[in-house]
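Engineer: First the structure, which I've put down as structure tokens, then a few questions once you've had a look.
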Amino acid sequence: MLARNFAAVLLLLIGSSSIIFATPVIVHRTGDVRGEVISVDEKEGRTIVDVRSAIGIGRMKLSAANDQWPTTLVLRLHLRGLESLRIGNGTSSIDISILSYEPHRQLCEVVHTPGERRQSVDEESPFWMPVQIKNTETAGQPKIPLVDGYFEVTLPAVLLKHKPKSLSIRWIDFYR
């Protein structure tokens, strides 16, 4: 435990990015990490991967420590928008988008085999990924572009059902 904490502090001191290891999920960076801070925490029976991305575009892989995925896995994406979020487990990938205009409707699609056509899914599907838009300081209904909030995404259990080796995650705040 001391070695893990030392490694996290060392990463924070050396670069502009940090990863904090203390939970059953391991973060593997795979993209540009300038101004990016990723931490993992456990609260109220949920494992939360908190992503602060200054650039707004990024990717990472998650793997389970000891091959045991948490029961509830949540992403908190501190982004100004969420035009695209793709999470894949090697077999299926789920794409979601939150429309940047009112009423900020959520779109969700799944692909089970690479090259296969995307299928739209709704709240009744086991592949649906619920997203909440939350403010951190401002009162009232969150508005996109977010100034002080985040998108909280709860990953569906079906992504972790067959204990994948890793999850591949990509995000884009706004298409440029």
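Per-residue answers, yes or no, for (1) closer than 23 Å to GLN68 by Cβ; (2) among the polar types (S, T, N, Q); (3) surrounded by fewer than 12 Cβ atoms within 10 Å (Cβ to Cβ):
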position	(1), (2), (3)
TRP128	no, no, no
PRO142	no, no, no
LEU146	no, no, no
VAL153	yes, no, no
PRO156	yes, no, no
HIS162	yes, no, yes
SER166	yes, yes, no
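Engineer: Hey, can you tell me all the residues within the range 89-112 that are among the aliphatic types (A, V, I, L, M) and out of contact with any helix residue (DSSP H, G or I) (no Cβ under 8 Å at 6 or more places or on another chain)? Explain how you work it out, then say what you get.
Structural biologist: Residues of the range 89-112 among the aliphatic types (A, V, I, L, M): 94, 96, 98-99, 107, 110-111.
Result: ILE96, ILE98, LEU99, LEU107, VAL110, VAL111.
Engineer: Got a number for residues in the range 81-99 being over 13 Å from LEU159 (Cβ atoms) and surrounded by fewer than 16 Cβ atoms within 10 Å (Cβ to Cβ)?
Structural biologist: Filtering the range 81-99 down to residues over 13 Å from LEU159 (Cβ atoms) leaves 81-84, 97-99.
Now narrow it down to the ones that are surrounded by fewer than 16 Cβ atoms within 10 Å (Cβ to Cβ): 99.
Residues meeting the conditions: 1.
Engineer: Okay, next question. With the requirement that a residue be free of Cβ contacts under 8 Å to residues at least 12 places away in the same chain and hydroxyl-bearing (Ser, Thr, Tyr), what does the range 114-161 give you?
Structural biologist: Within the range 114-161, THR138 is the sole residue that qualifies.
Engineer: So, one more: Any idea which of (1) of a type outside the set (D, E, K, R); (2) surrounded by 15 or more Cβ atoms within 10 Å (Cβ to Cβ); (3) in a strand (DSSP E or B) is the one GLN132 doesn't satisfy?
Structural biologist: Every listed condition holds for GLN132 apart from (2).
FYI, it's all coordinate maths here, none of it is from the lab. All figures in this text were calculated on a predicted structure; none of them were measured in a lab. Every residue, glycine as well, gets a Cβ built from its backbone with ideal geometry; the counts of neighbours run over all protein chains shown.
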